[in-house]
Amino acid sequence: MTSSPSSAEGSSGLLDRPKLVLASASPRRLSLLEQIGIVPDAVVSADIDEEPRPGELPRPLAQRLARQKAEHVAAQRTDAALVLGADTVVSVGRRVLPKAEDEKTARTCLKLLSGRRHKVLTAVVLRPSAGWPQGTPCERLVETSVIFHRLTDAQIDALIAQGDWQGKAGGYAIQGAAAAHIRQIGGSYSAVVGLPLFETAQLLRGQPVKKPTGGWIA
């Protein structure tokens, strides 16, 4: 006797969609997902230590933090869920720039970035919960180069006054006032904001769920 497919799996062998959980409290990442028609079923802040380890380079730092965020939240889920974690690191050479939590840090970052090229590294990670073992763990790292023109002291003062540097890696938000001072970008704009949309969509497309109506994106 041939067994019939379970309620979680259709005759095509593809699965019903689990809950999508965004492991981030960032409103920018939530807004970016909504931009491409994806609304997470839950948003959970991942409580992890985001300090770089001694000697840790920008690329492995972004990957490690994105993995830890996704794995931390996935470990707390017992239902069928797919957890999306991401992290963005701004670097000049091998130097990781901090998230600016005060004006002094933001000003230091902007002076360092003035007139030079820097890299923005954003890692995105998908981790299935124990309740959805059929899910596929996967990840991508997207590197984007950004060039500021040479900033005057008055321009830095104006950027500081705008206030959108608060909590931002490198002390600026490309979707904010800093856009008037960015001469060139090479790579993914959305990755600089906080989530590479094409790569994220590709990772979601690769999950074993019914498509197109059952998946997150066509």
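The values are calculated or read from the model by the stated rules, or taken from the named source; none is laboratory data. Just so it is clear, the structure is predicted and the values come from calculations on it, not from any experiment. Neighbour counts run over all protein chains shown; Cβ positions are idealised from the backbone, glycine included. Accessible surface areas use protein heavy atoms only, side chains included; no ligands, DNA or RNA. Shrake-Rupley method; radii C 1.70, N 1.55, O 1.52, S 1.80 Å.
Report the charge-dipole magnitude of the chain in Debye, nearest 20, computed about the Cα centre from +1 at each Lys and Arg Cβ and -1 at each Asp and Glu Cβ. Please report the intermediate quantities before stating the final value.
Values: 27 positive and 21 negative charges, 143 e Å.
Taking the Cα centre of the chain as origin, the dipole is about 680 debye.
Per-residue counts of other Cβ atoms within 10 Å, averaged by peptide: what ranking do you get for 189-200, 103-114, highest first?
189-200, 103-114
Separation between the Thr108 and Gln35 pseudo-spin-labels, each 7 Å from Cα along Cα→Cβ, expressed in nm?
It is 3.0 nm.
Rank Ile36, Pro52, Ala74 by how far each Cα sits towards the positive end of the charge dipole of the range 23-116 (+1 on Lys, Arg Cβ; -1 on Asp, Glu Cβ) and give me just the farthest.
Ranked along the dipole, the leading option is Pro52.
Considering Cα pairs under 8 angstrom that are at least six residues apart, work out the relative contact order of the chain and quote it in whole percent. It would help to have the intermediate numbers written out before the result.
Details: 436 pairs, mean separation 47.2, N = 218.
Contact order relative to length: 22 percent.
So between Cys138 and Arg116, what do we pick up on full extension, going 0.36 nm a residue minus the alpha carbon distance?
Additional length available on full extension: 4.6 nm.
Compute the FRET efficiency between Gln166 and Glu56 as 1/(1 + (r/R0)^6), taking r as their Cβ-Cβ distance and R0 = 22 Å, and round to the nearest 0.05.
The calculated FRET efficiency here is 0.35.
On average, how much accessible surface per residue is there in the range 108-218, in Å², for a 1.4 Å probe, leaving out ligands, DNA and RNA?
Here the per-residue accessible area is 43 Å².
So, with +1 on the Cβ of K and R and -1 on the Cβ of D and E, and no other charges, what is the size of the charge dipole of the range 60-117 about its Cα centre, to the nearest 20 debye?
The calculation lands at about 460 debye.
Enumerate lysine pairs in the range 68-218 that are 8 or more residues apart or on different chains, then count those whose Cα atoms are under 28 Å apart.
13
Listed highest first by mean packing, meaning other Cβ atoms within 10 Å per residue, what order do 136-143, 37-44 come in?
Numbers: 136-143: 17.0, 37-44: 15.4.
Per-residue mean Cβ counts within 10 Å order the peptides as 136-143, 37-44.
With Rg/Rh (Cα atoms, Kirkwood Rh) in mind, check (1) 0.95; (2) 1.05; (3) 0.99 and report the label derived from this structure.
(2)
Under 12 Å Cα to Cα from Lys19, which aspartates and glutamates show up? Leave out anything in the same chain fewer than 8 places away.
Cross-link targets: Asp41, Asp79.
Using the Cβ atoms and a cut-off under 10 Å, what net charge is assigned to the surroundings of Glu143, where Lys and Arg are +1 and Asp and Glu are -1?
Summing Lys and Arg as +1 and Asp and Glu as -1 gives +2.
Round to a whole number: what % of the accessible area of the range 85-218 belongs to carbon and sulfur, probe 1.4 Å? Display every interim value, and only then the final one.
Numbers: 2990 of 5970 Å².
Taking all protein chains in place, the range 85-218 shows 50 percent carbon and sulfur surface.
Applying 1/(1 + (r/R0)^6) with R0 = 25 Å to the Cβ-Cβ distance of Tyr189 and Asp47, what FRET efficiency is obtained, to the nearest 0.05? Display every interim value, and only then the final one.
Working: r = 29 Å, r/R0 = 1.16.
Rounded to the nearest 0.05, the efficiency is 0.30.
Where nothing but the Cβ of Lys and Arg (+1) and of Asp and Glu (-1) is charged, how large is the charge dipole of the range 75-203 around its Cα centre, in debye to the nearest 20? Write out the running numbers ahead of the final one.
Values: 15 positive and 11 negative charges, 98 e Å.
Approximately 480 debye in magnitude.
Pull up all non-local amide H partners of Val83: gap of 5 or more, or a different chain, and H-to-H distance under 5 Å with H placed in the peptide plane.
For Val83, the qualifying residues are Val21, Arg127, Ser129.
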